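What follows is a single structure, written as structure tokens, with notes after it.
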Amino acid sequence: MLDLLATPGLIWVVVATFTAGLVYGFSGFGAALVYMPVATAVIAPPLAIGAFAVSALASLVTLVPRAWGQADRPNVLMMVGAAILGAPLGIWILATVDTVLIRWGLSAIITITLALLIAGWRYRASPTKPVRATIGAAAGVMMGSVGLNGPLVILFQLGGQDSIARSRANTLIFLTLSSLSLVPLMAWQGLIGWEAVWLGLLLLLPYGLGTLLGRTLFDPDRERLYRRVAYAVVAAAVLIGLPVWNH
């Protein structure tokens, strides 16, 4: 634990965690997009992913209870189940692929997601259960490999016709519950140990405070403003986390 606290740059991981919680609290997405580029520039990806999954426990208290009543629970829970089934494949990718390559992939995924969101992409058809399950499983693979279970689900939710309140609630519940599943899955495959748990507990407070503050700022009538702020923060995180800064 003391060695962990002495990690150079750890303060930036704490700052990124608070900012991630803030963005997550008011937008219902974007936490991992903000956290992962910064965290993986300081600590190894498996440790960063495992610690962030532990810190997601805060959302069970600060955000999930209010979102639960607004969400399309049966479909969201089905997607969570599909994500859990897809995550082991992603974890295998994490264990076998070069760290720098993962970070470049992470930056590319975030950039593409941002571009599509900013472009205002939408779909009109009502998604079927197989489509939802496929999206959930693909998100699980991404979650296990680069710690990002959000991009596909964010696009799926924001590209539909749901109200911003329901879309936010669906995304928030999916991201929180699927993230928590990573802890036992990664431990089972030997990728993380107690170090990830200790770091996650350390990040629990800044993340929880960020989500509480973000929740108070959420107003469905000011959707455009909050999307713009979230996009700006995520774009800054991409630039900070580029592997070129330490190579």
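What do you get for chymotrypsin sites (Phe, Trp or Tyr not before Pro) in the stretch 51-129 restricted to DSSP loop and a cutoff of at most 14 other Cβ within 10 Å of the site's Cβ?
Trp121, Tyr123
What longest range of the chain stays clear of loop-exposed trypsin sites (Lys or Arg not before Pro) (DSSP non-H/G/I/E/B, at most 10 other C-beta within 10 angstrom)?
125-247
Show that you can apply the helix-only estimate: for the chain, add -39,500 (n - 2.57) for every DSSP H stretch of four or more residues, divide by all residues, and state [θ] at 222 nm to the nearest 500.
-25500 deg cm²/dmol, from helical runs alone.
What residue among Thr171, Thr111, Thr96 shows peak mean-square fluctuation when the chain is described by a Gaussian network model with Cα springs under 10 Å?
Most flexible of the set in this elastic network: Thr96.
To the nearest 10 degrees, how steeply does helix 223-241 sit against the main Cα axis of the chain, on a 0 to 90 scale?
20 degrees
Convert each backbone phi in the stretch 127-144 into a coupling constant with the Karplus relation 6.51 cos²θ - 1.76 cosθ + 1.60 (shift: θ = phi - 60°), then list the ³J(HN,Hα) values in order as whole Hz, x for Gly and Pro.
In residue order, the calculated couplings are x, 7, 5, x, 5, 4, 5, 5, 4, x, 5, 5, 5, x, 4, 5, 4, x Hz.
By how many degrees, between 0 and 90 and to the nearest 10, does the Cα long axis of helix 10-27 differ from the longest principal axis of the chain?
On a 0 to 90 degree scale, this one is about 10.
The numbers here are math on the coordinates, done by the rules we state, and not lab data. Predicted model, so just to flag it, every value in this text is computed and none were measured. Counting neighbours? That spans all protein chains shown, and the Cβs are built from the backbone with ideal geometry, glycine included.
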